[in-house]
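What follows is a short report on a single structure.
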Amino acid sequence: MTLLQLTFGAVFIGIGATAVMDLWLVFLKRMGMPSMNFALVGRWVGHLMRGRLAHAAIGKAEPISGELALGWFTHYAIGIAFAALLLAIQGASWALNPTPLPAVAVGMCTVLAPLCIMQPAMGAGFASTKTPTPLRNCLRSLANHTIFGVGLYLSAFFLSGL
């Protein structure tokens, strides 16, 4: 595979996997479970670009112009980056003949980003420790990222058939 093909693969697989995760989040929301507010992700990234990493409570931080769009863009950019990580670990040959285990394993490992970086920086504490239900929040994050991993596999499988 050429670098261009690998780049296209990472973009396609990352967008597809993130979309699968988003469909899962829509399903959960319809079942009455709270979902991620991507405007707050955009707010955090907006403040990060201004030099501020951590907040006591991101919901109380000054709103950023276009934060919802920035949050969604960030969400998909991170999904593409994680797909590129999967391809870097597994190699281009995996994309031609994908198997579920590496994709799901990488998806599950990506939960470390929100638990160890984003949640603490947004005021929720390391692994949601500053929230009323840290264990439930961590398990929900792990489930969401496992679904993302399934999406990595499904997107790669679809791409391999093209």
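The values are calculated or read from the model by the stated rules, or taken from the named source; none is laboratory data. Just so we're clear, the structure is a prediction, and the values are computed from it rather than from any experiment. Because the Cβ atoms are built from the backbone with ideal geometry, glycine has one as well, and the counts that use them run over all protein chains shown. What goes into the accessible areas is simple: the full protein's heavy atoms, side chains included, and nothing from ligands, DNA or RNA. Shrake-Rupley method; radii C 1.70, N 1.55, O 1.52, S 1.80 Å.
Below are the figures for this structure:
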| item | result |
| --- | --- |
| Single residue of the range 108-120 satisfying the filter (open to solvent by less than 60 Å² (accessible area, probe 1.4 Å) and assigned to a helix (DSSP H, G or I)) that is farthest from V20 (Cα to Cα) | P120 |
| Only listed residue being closer than 18 Å to A124 by Cβ and not small (G, A, S), chosen from L53, L23, L4 | L53 |
| Tally, over the range 63-80, of residues that are over 20 Å from V20 (Cα atoms) and part of a helix (DSSP H, G or I) | 1 |
| Long-range neighbours under 7 Å by Cβ, at least six apart or interchain, first residue outside any helix (DSSP H, G or I) within the range 86-107, second not aliphatic (A, V, I, L, M) | N97/S160; P98/Y153; P98/F157; P98/S160 |
| Count of residues meeting criterion [assigned to a helix (DSSP H, G or I) and either under 26 Å from I15 (Cα atoms) or touching a Pro at 6+ places or on another chain (Cβ under 8 Å) (or both)] in the range 121-162 | 29 |
| Test: residue in the range 31-53 that is basic (K, R), surrounded by 20 or more Cβ atoms within 10 Å (Cβ to Cβ) and farther than 18 Å from I147 by Cβ | yes |
| Unmet criterion (only one of (1) without any contact (Cβ under 8 Å) to a residue 12 or more places away in the chain; (2) surrounded by 17 or more Cβ atoms within 10 Å (Cβ to Cβ)) for L154 | (1) |
| Every pair of residues 6+ apart whose Cβ atoms lie under 8 Å, when the first sits in the range 1-24 and is under 13 Å from L86 (Cα atoms) while the second is open to solvent by 80 Å² or more (accessible area, probe 1.4 Å) | G9/M1; A17/L154 |
| The one condition in (1) in a helix (DSSP H, G or I); (2) aliphatic (A, V, I, L, M); (3) touching a residue at least 60 places away in the same chain (Cβ under 8 Å) that L53 fails to fulfil | (1) |
| The range 1-30, subset closer than 14 Å to W72 by Cβ and of a type in the set (V, I, T), residue surrounded by the most Cβ atoms within 10 Å (Cβ to Cβ) | T18 |
| A81 touching a residue at least 40 places away in the same chain (Cβ under 8 Å), out of contact with any Cys (no Cβ under 7 Å at 6 or more places or on another chain) and among the small types (G, A, S) | yes |
